[in-house]
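Peer 1: One structure, pasted below without further comment.
Where a number appears in this text, it was derived from the coordinates with a stated rule and is not lab data. Keep in mind it's a predicted model, so treat the numbers as computed, not measured. Cβ coordinates were reconstructed from backbone atoms using ideal geometry, including for glycine residues, and neighbour counts include every protein chain displayed.
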Amino acid sequence: MASALTIAAAYFLGGLVPLLPYLCVPSPSSSSGSDSQQQQQQQQQNLATALHASIAVMGAALFAFGYAKTAVVVGWQRGERRVRRALRGAAEMVFVGAAAAAAAMGLVKGFDSLLGNGSGGAGHG
């Protein structure tokens, strides 16, 4: 049971971390006319900023997790070789995470085009 709860908490946190920058994006206020168009452009700019922040946060989190995971496996003892192995493990974790994100985005875009939305997913494109 403890293992199941640990896995559930890890999935929850792993899914929450990339969403945190989006929680900081101000919500648009409602108005009409040219102000509305400016607000829409500002909201799109805010979302693009949140996307870039999300990518940076996940890159840092994956790097830290990959470093810690590898360091635990090879041992925390000092030594240049162990540090290099941990850095390599961190880089591999970032690469795998980026590949998974790219595959997910490709699937979203593929399904959008199949369904005729053409939006490119998540309102971007």
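Peer 1: For the chain, restrict the atom set to alpha-carbon positions and state the Rg and Dmax in Å.
Peer 2: Spelled out, the Cα radius of gyration and Dmax of the chain are 19.5, 64 Å.
Peer 1: For the pair Leu20 and Arg78, what calculated FRET efficiency results from E = 1/(1 + (r/R0)^6), where r is the Cβ-Cβ distance and R0 = 22 Å, to the nearest 0.05?
Peer 2: 0.10
Peer 1: Taking only Cα atoms and a 10 Å spring cutoff, compute GNM fluctuations for the chain and point out the largest among Tyr22, Tyr67, Tyr11.
Peer 2: Sorting by GNM fluctuation, first place goes to Tyr11.
Peer 1: OK, next. Where is the GNM fluctuation largest for the chain (alpha-carbon springs, 10 angstrom cutoff): Leu13, Leu47, Leu62?
Peer 2: Leu13
Peer 1: Here's another thing I want to ask about it. On a full-extension model of 0.36 nm per residue, what is the gain between Ile7 and Gln38, subtracting their alpha-carbon distance, rounded to one decimal in nm?
Peer 2: 6.8 nm
Peer 1: Separate question: Between Ala100 and Ala60, what length comes free when the chain is fully extended (0.36 nm per residue of separation minus the Cα-Cα distance, one decimal in nm)?
Peer 2: So the chain would gain 12.8 nm between Ala100 and Ala60.
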